[in-house]
Amino acid sequence: MIKIGVSGARGKMGRRIIALAKEDRQIEVRFGFEYAGCPEINKTIDGILITSDWGYLKSCDCLIEFSTPGAAIEHLSYLTQSGITAVIGTTGFDENQITAIKDAAKKIPLVFSPNMSVGVNIFFRLIKAAAENLSKYGYRVNIEEAHHLHKKDAPSGTAKKIAAIANEYKFGIKNENIKSIREGEIAGDHKIIFESGVDRIELFHSAKTRDIFAQGALLAAKWVAGKPVGLYSMEEVLFGK
C-alpha cells in the first residue's frame, strides 16, 4: 500500500487524482494540501483532510504535486527535509525553477515530466522515430497545441518537449514558432506536422479528459516508491530507461 498526499488537492487535477486514487487498492490518500487561505482548509471532504500543515507529510510515502510553479518550488524544502518521494505534474516552470527541482532530486527520489500521460509518452517515442528518419530527407516541421482558457503557460511544456525531440535532429524549432491556442475546456491537444514538397505527415494526440494525467501521476507514485535518490521521467516509469 502506497500512502500519498496530494498538493493542490482542491484544484481540478487534485480532485481527479484523489477520486481515482480511491479506486486503486494499492493507494491510500492520507491528506490533501492547500494554501492557508483556501476556503476549505481544515475541512474533511469525502474522507480526506484538507490541510496547510506540512507535519502531515510524514504520514505519506509520496507527495503528488499539482499546484502552481511557485508553490511547488516552495514545497521542495519540506520534501527534502522529510525525505519523502515526489511526483511533480505541475507545469510552467522557468529555468531557475527547473534547476531547483534537479537540486532537490539529489536528495530524494523525484519523478518530473512535462506530461504524465501514458499515451503522450508513447507519442513522444513516435515523434522521435519520425524526426530521426525524416530529417534525412529535407522535411520541415510545425507544432500546434491547444489547451483550456485557464492554462497560463504557452506554449505548453509538452509542446516544448516535442520541439526538443525534433531539435535533436536539427529541425531548429523555436518556442515562438509553436502555435498555441487557449479556448474553452480543451484538456490538451498536440500535433506535429512533417511536410515536404510532395507529402505531409501528421502525428496527433488528444486528451479526452484530465484523468489521463491523474492516472499517470498515480502510476508514477507507485513506481517511484523505494527507488534510489534521483531525478526520473515518465519515460523511465513506463519504459525503464
Degrees separating the helix 157-167 axis from the principal Cα axis of the chain, which is the longest one: 40
Residue with peak Gaussian network fluctuation, the chain [Cα springs, cutoff 10 Å], from 57, 134, 76: 134
Cα point-scatterer Debye curve for segment 1-136, base-10 log of I(q)/I(0) at q = 0.14, 0.21 Å⁻¹: -0.66, -1.29
Candidate lysines - alpha carbon under 22 Å from residue 3, same-chain residues fewer than 8 apart omitted: 12, 22, 43, 58, 107, 222, 227
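If you count, for each residue, the other Cβ atoms within 10 Å and average over each peptide, how do 211-217, 81-87, 19-25 line up from highest to lowest?
Result, highest mean Cβ count within 10 Å first: 211-217, 81-87, 19-25.
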Degrees, to the nearest 10: 95-104 long Cα axis against longest axis of the chain: 50
Partners for residue 136 among lysines (Cα-Cα distance below 28 Å; same-chain residues under 8 apart left out): 128, 160, 161, 170, 174, 179, 191, 241
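Any idea what % of Cα-Cα pairs in segment 118-206 are farther than 15 Å? Show your work: numbers first, answer last.
Values: 2153 of 3916 pairs.
For segment 118-206, the share of Cα pairs beyond 15 Å comes to 55 percent.
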Nearest-ten-degree value, helix 211-224 long axis tilted from longest Cα axis of the chain: 70
Most fluctuating residue given options 220, 187, 36, as computed from a GNM of the chain linking Cα atoms under 10 Å: 36
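Bear in mind that the values in this text are calculations on the coordinates, not laboratory data. Computed from a predicted structure; not experimentally measured. Cβ atoms come from the backbone with ideal geometry, glycine included; neighbour counts cover every protein chain shown.
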